[in-house]
Each structure stands twice: as structure tokens, then as C-alpha cells.
Amino acid sequence: MLTENKLLTDIWRENRDHLAEKEDLDAGEIEKGLEQGSIVLLANPAHPSVLPTLIGQPSRIKVNANIGTSPFINDPDLEIKKAHAAAEAGGHTIMDLSTAGDLDGIRRRMLREINLPLGTVPIYATAQEYIRRGEGPGRMDPEELWAEIEKQAEQGVDFMTVHCGVTRRSAELAGKSDRVMGVVSRGGSLLVRWMEENGKENPLYSDFDRLVKIALRHNVTLSLGDGMRPGATADAGDRAQWEEVVILADLAEYSRSRGVQVMIEGPGHVPLDQVPAQIEGIKRLCSNAPLYVLGPLTTDIAPGYDHIAGAVGGAVAGMHGADFLCYLTPAEHLTLPDLNDVREGVVASLTAAHSAELALGRTPAVRRNTAMSKARRDLDWEKMAALALDPVRVAKRRKDFVGKKECAMCGEFCAVKLLTGDSG
């Protein structure tokens with residue numbers, strides 16, 4: 001792939017040593033992954049000061065934070081604060097899913113102020129114009145969608161979710177099935193509506209080569225969206241979902257042959273026992289392309305705590321090959337997340353990612369985990385905070401007893417002190 005993508009080759013050569021050190025991997029191993037398409041390097045040269053970021057194991061499992069305005073809550077300044085909060089909490093990428101206000105202005109500001117790779121869903125901006133005018137999105141002109149994709153690539157967007165696998169066939173299968181939730185993807189539902197009203201195939205599928213050419217010109221990574229993902233655990237693994245995966249596998253192979261980087265987006269709601277088979281099946285069908293999953297959520301009854309449901313699924317998914325975890329927050333299914341929700345969501349997904357890497361025996365995860373254990377043994381609170389996923393939370397919970405060597409749960413009954421004979 002590197003030979004067909006000069007921009008990618010130049011970015012890799014410029015950042016080769018830094019990325020190898022950051023990921024604790026041999027540079028040759030990373031380069032092999034880039035060539036085969038099992039690793040992608042997010043970095044659009046037009047994004048000022050972007051931090052080139054690798055997605056795809058054996059590089060570290062990464063975490064994405066979704067932010068963006070909605071028709072009910074439209075505060076661009078707050079969304080910028082959320083982006084910064086996500087970065088401070090340890091998130092690796094940001095996706096702007098704004099659907100209200102000046103989308104162009106919000107996106108440009110994020111590209112200026114945030115150095116994490118930025119992802120978008122271009123069809124949102126195209127559909128917004130029709131909805132704002134009181135027209136149905138079924139009237140969307142495909143040329144306007146193509147213009148939006150080109151514009152966002154030129155602006156510096158690093159990766160884009162494009163629902164190319166939402167075809168007339170997959171939509172038909174979803175419609176005929178006994179799905180509880182039907183189509184829950186916003187981009188997927190927009191395209192199903194368009195196909196129904198126009199009697200035509202999804203333009204992102206029928207004219208896919210046009211998309212590939214735009215992506216190649218700007219080193220935009222195509223994140224092939226899961227428009228037929230299950231929105232309820234009862235819907236996981238049906239014909240519509242797997243029909244889409246098979247289509248995405250073909251499109252991924254074509255993209256790589258043209259030098260375009262591609263990720264596959266994975267399931268949303270999946271019962272815990274099905275997560276390994278889903279992840280391994282998608283990875284195998286798609287020739288080990290990086291897999292970007294939303295959770296998966298392993299239960300549907302945890303509104304307010306879906307960041308936990310997603311972390312449970314994310315840890316198992318990471319053990320079985322998922323490369324990129326899209327966070328969920330306590331606001332999922334309820335409202336737009338606030339600043340605290342963003343932090344909670346990032347840390348929950350980082351916990352899942354670390355748990356998976358530890359189970360896989362990845363050296364950086366094992367090293368950090370062991371260091372934390374030793375810091376606890378030594379009652380070294382400063383080191384514990386430094387090693388923790390959320391040092392701020394550690395300091396906050398510790399503050400009332402900062403002068404004590406033990407934690408406030410055990411006090412003088414501290415097992416570590418009793419067994420070491422340290423009574424001082």
C-alpha cells in the first residue's frame with residue numbers, strides 16, 4: 001500500500017522512529033502492517049499539527065471520543081471544551097458528529113485547535129441543509145455529498161465514516177427481518193431513506209471509486225461504516241449485518257489495492273457470548289483490516305451506565321482483535337454528553353483497552369500494570385497517581401487523607417503494613 005500512496009509514505013518516513021518508540025514496536029513490523037493494510041496511519045497533511053496515530057494491532061488499542069452539537073443542544077464552545085477534555089483524559093482521536101449550527105465553522109475550529117486526528121460523517125452536513133430547509137433528506141443530490149466529502153478532505157479531516165455497505169440489498173434484508181430496532185445508524189438510515197425515495201443504489205457504493213480517489217489525494221482513511229449494525233442485542237448477527245460486512249470486505253480490498261487506507265466499523269449491541277465470534281469473523285472476512293467498534297454494548301438495560309456496558313464488550317472485543325474502541329458515555333441513549341460524561345467515557349474505554357492488552361500480554365500494558373502493583377506494595381501514592389488512567393480522580397478521592405500513608409478504607413488495618421512490619 002505504501003508504494004501506491006506517496007503521502008502516506010512520506011508521513012511514515014517522517015514519523016517512523018517516533019511512532020515505533022511510542023508503540024514499543026519494531027519499525028519494520030509497523031511498516032509491514034501498513035503495507036498489508038492491517039495498520040493504518042491517521043494523518044491528513046492539511047490538518048495543522050496533527051499527531052500521526054496508528055490504528056491496528058499490535059500497535060496499542062486506541063480510543064475515540066465522539067462529540068458534536070445536536071438540534072436540541074447547540075453550543076460550539078462546549079464541544080471544543082469536550083474535545084480538549086477527551087484529549088486530556090487520554091483519548092487518541094476525536095469524531096465531530098455535529099448536526100446543528102455552523103458545521104463548517106465547528107469543523108474548521110476543531111482542526112485548528114485539536115491536534116488529535118479528527119473524524120467526521122460527511123453525510124450529516126449534506127443532510128442538515130435539507131432538514132434545515134424543511135425538506136426530506138430523500139431529496140439529497142448526490143453531487144452535494146461528493147462536494148462535501150471533497151471539501152472536508154481538503155480542510156484536513158483525517159478519517160471519514162462512509163456508509164458504503166448500505167446497499168439496496170442490505171436494506172431489503174433489514175426490512176424483511178424481525179429486527180427489534182431496525183436501522184439505528186443515522187448515516188445508514190439517511191441512505192436507506194434516499195434509496196427508497198429515489199429507487200437507486202447508494203451512490204457511495206455505486207460510485208465507490210470516486211471516493212477512493214478523493215481519499216488517496218489527501219491520505220484520508222476511509223472508515224467503512226456499519227449502517228446495518230445491531231441496535232439491540234437481539235438483532236446481533238442477522239443477515240443484514242453480515243451482508244454489509246461482506247460488502248465492506250470487498251470494498252476494503254479494492255481500497256488497499258489503490259493505496260487507500262481503510263478501517264471497518266463493527267457492531268454496536270452484541271451479547272457477551274457472541275462478541276468473540278463477531279470480532280473474529282469480521283476481522284477474517286476483511287483480511288485483518290483495523291476494526292473500529294462501538295462498545296460493543298453487551299446489554300440493553302444500562303442507560304446511564306452504557307460506558308460500563310461498552311467497556312465490558314470492548315475488553316472482550318480487544319482480546320479477540322478489535323483495534324479501535326469508540327467510547328460510550330453515561331449519556332448514551334439519553335442526551336448529549338457533558339464534560340464529565342466525556343471524561344468518564346474515555347477512561348472507561350481506556351480501561352477496556354488496557355484490560356485487553358494485558359490479557360494479550362502486550363509489553364507496555366504488562367509493564368505499567370506491574371509498576372502499579374509495586375507502587376501499591378510500597379504505598380507510593382505519587383507513583384500510583386502517575387500510573388493511573390485517571391490521576392485527577394486519584395488525587396480527588398485521596399485529598400482528605402493525603403497526610404496518611406494508608407488508604408482510608410484500611411487505615412491501621414492495612415494488610416501491606418501488617419505483613420511488612422511497617423508500623424510507622
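FYI, it's all coordinate maths here, none of it is from the lab. These numbers were taken from a predicted model, which means no experiment stands behind them. In this analysis, Cβ positions are derived from the backbone assuming ideal geometry, glycine residues included, and neighbour counts consider all displayed protein chains.
Label reach from Lys32 (point 7 Å along Cα→C-beta): in the range 57-77, amide nitrogens under 18 Å belong to 57-60. Placing +1 at every Lys and Arg Cβ and -1 at every Asp and Glu Cβ, with all other atoms neutral, what dipole size does the range 2-361 have around its Cα centre, in debye to the nearest 20? Dipole about the Cα centre, nearest 20: 320 debye. Near Asn66, the amide H atoms lying under 5 Å from its own belong to Met95, Tyr327; only residues 5 or more places off or on other chains count, and H is placed 1.01 Å from N.
Any idea which of Gly361, Gly188, Val220 is furthest toward the positive side of the dipole for the chain, if Lys and Arg beta-carbons carry +1 and Asp and Glu beta-carbons -1? Selected residue: Gly361. Farthest towards the positive end of the charge dipole of the range 171-321, among the residues Val262, Cys286, Thr233, is the Cα of Val262, using unit charges on the Cβ of Lys, Arg, Asp and Glu.
Over the range 2-361, what is the percentage of antiparallel beta bridges among all DSSP beta bridges, to the nearest 5? Here the antiparallel bridges make up roughly 10 percent for the range 2-361. Spin-label point model (7 Å from Cα, Cβ direction): what's the Glu172 to Glu144 distance in nm? With each label point 7 Å from Cα toward Cβ, the separation is 2.9 nm.
Dividing the mean sequence gap of close Cα pairs (under 8 Å, 6+ apart) by how many residues the range 364-420 holds gives a relative contact order of 21 percent. Using amide H atoms built in the peptide plane, which far-off residues or other-chain residues are under 5 Å from Cys164 H to H? Under 5 Å from the amide H of Cys164 lie the amide H atoms of Gly225, each far enough along the sequence or on another chain. Evaluated on the chain, the Kirkwood hydrodynamic radius is 22.2 Å, with distances taken between all distinct Cα atoms. Of the cross-linked pairs Lys151/Lys213; Lys82/Lys404; Lys151/Lys283, those separated by over 23 Å at the C-alpha level are Lys82/Lys404; Lys151/Lys283.
Reported to the nearest whole Å, the Cα centre-to-centre distance from the range 248-297 to the range 1-60 is 19.
Quick check: residue separation of Arg16 and Val246 times 0.36 nm, minus the Cα distance between them. What number comes out in nm?
Extra length from Arg16 to Val246 when fully extended: 79.5 nm.
What is the range 364-420 by shape, rounded, prolate or oblate, if you read a ≥ b ≥ c off the alpha carbon gyration tensor as root eigenvalues and call it rounded for a/c under 1.5, prolate for a/b larger than b/c, and oblate otherwise? Oblate shape, in that a/c is at least 1.5 and b/c is the bigger or equal ratio. A protection proxy built from the mean count of other Cβ atoms within 10 Å ranks the segments 307-320, 128-141, most packed first, as 307-320, 128-141.
Each residue of the range 330-335 is assigned a 3J(HN,Hα), and the resulting list reads x, 8, 3, 6, 10, 6 Hz, derived from the Karplus form 6.51 cos²θ - 1.76 cosθ + 1.60 (θ = phi - 60°), x at Gly and Pro.
Taking every DSSP helix (H) stretch of at least 4 residues in the chain, weighting each as -39,500 (n - 2.57) and dividing the sum by the residue count yields a mean residue ellipticity at 222 nm of -15500 deg cm²/dmol. Taking all Cα pairs closer than 8 Å and separated by 6 or more residues, the relative contact order of the chain comes to 15 percent.
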